[in-house]
1. State the extension gain, in nm to one decimal, for the chain segment bounded by E36 and N256, taking 0.36 nm per residue of separation less the distance between their alpha-carbons.
2. How far is helix 28-41 tilted off the main Cα axis of the chain, in degrees rounded to 10, range 0 to 90?
3. Where the centroid of each part is defined by its Cα atoms, how far is the stretch 14-55 from the stretch 109-180 in Å?
4. Which of K55/K254; K55/K202; K60/K257; K206/K258; K8/K150 have a Cα-Cα distance over 22 Å?
5. Under 5 Å between amide hydrogens, which residues at least 5 positions from G106 or on another chain qualify, with H placed 1.01 Å from N in the peptide plane?
6. Along Cα→Cβ, 7 Å out, is where each label goes; now give me the distance between the ones at T139 and D9 in nm to one decimal.
7. Go ahead and run the numbers for FRET between A24 and E54, Cβ-Cβ distance against an R0 of 35 Å, rounding to 0.05.
8. What does a probe at A175 reach in the stretch 199-228, counting residues whose amide N is under 14 Å from the point 7 Å along Cα→Cβ?
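All of the numbers you see were taken from the coordinates with simple rules; none came from a lab. In this text the structure is predicted, and so the values were computed from the model without any measurement. So basically every Cβ, Gly included, is an ideal-geometry build from the backbone, and we count neighbours across all protein chains shown.
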Amino acid sequence: MVDIQDVKDYWNNNPVAAAAVPYALGSSEYFEYYNELREQNESIEFSYRLHEYEKFKGKKVLDVGCGNGYVLSKFAQEGAEVFGVDITEAAIDLCEKRFSYLNLTGQFKVANAESLPFEENSFDCVTSMGVLHHTPNTTLAVAEIHRVLKPGGRFIIMLYNRDSFAYEVRMKKEAKSSGKSMQQLINEVDGSENPLGDVYSKDEMKELLSDFNVSEIFAGLVRMQDMNRNKYNPFIYRYMKLRERKKGWFLYAKANKK
């Protein structure tokens, strides 16, 4: 099993999407550019539908793996009392800077998703976007989220999709041509030195969330590169969009604590 310290060290040195942003880490330009990048994959409208920001006004919301604070800032802007944890000091620093720029209030801690520093039944909503497939014991992290959620509390999660075009087409072809293992290729999605990534099928997501009442599971995000195409082909892309909710790279789930 990968050591969680290796995960922490990697992400401390490689904050989310930092390599793709041509501005100083933590500057206002950095956040503006990052927002644009993220919203190419997940529009503002989609983000509001997914996270139901307005429903948690006056409620306590926790983001596990809060990154640079993008999701939490939306909850805070809609009036939630927000808390963020991340395994890295770099991420917590970025969250604090984002909230300072936006004149928002939030509480942030360096913490391990597998051992959350909160009492049972503390939160009305917990969200975790593209994070828990990087921790060595994802099952334990989900159990911790279940513990800190209030009865009936909302859990919103995204993991990478095993049944995606990206995994089934691009990665499998690359594995044959390069000699790399599928595990190595999954890790490399987030950087060549990333120590750990993982993928989940819809059934595996259901099993992971077996202690919750799951309301929906669906996929999103398809790109021409997922089909090993460097050039845009409208016919192929139309086919991919029609299959996006099953074959997208991001696998989302919404659930409530039983």
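1. Details: separation 220, 0.36 × 220 = 79.20 nm, distance 3.05 nm.
Stretched out fully, the E36 to N256 stretch lengthens by 76.2 nm.
2. Value to nearest ten degrees: 50.
3. 19 Å
4. Details: K55/K254 14 Å; K55/K202 26 Å; K60/K257 15 Å; K206/K258 14 Å; K8/K150 28 Å.
Violating the 22 Å Cα-Cα cut-off are K55/K202; K8/K150.
5. For G106, whose amide H was placed from the backbone, there are no distant partners under 5 Å.
6. 2.8 nm
7. Working: r = 33 Å, r/R0 = 0.94.
My answer for the efficiency is 0.60.
8. The answer is 199-201.
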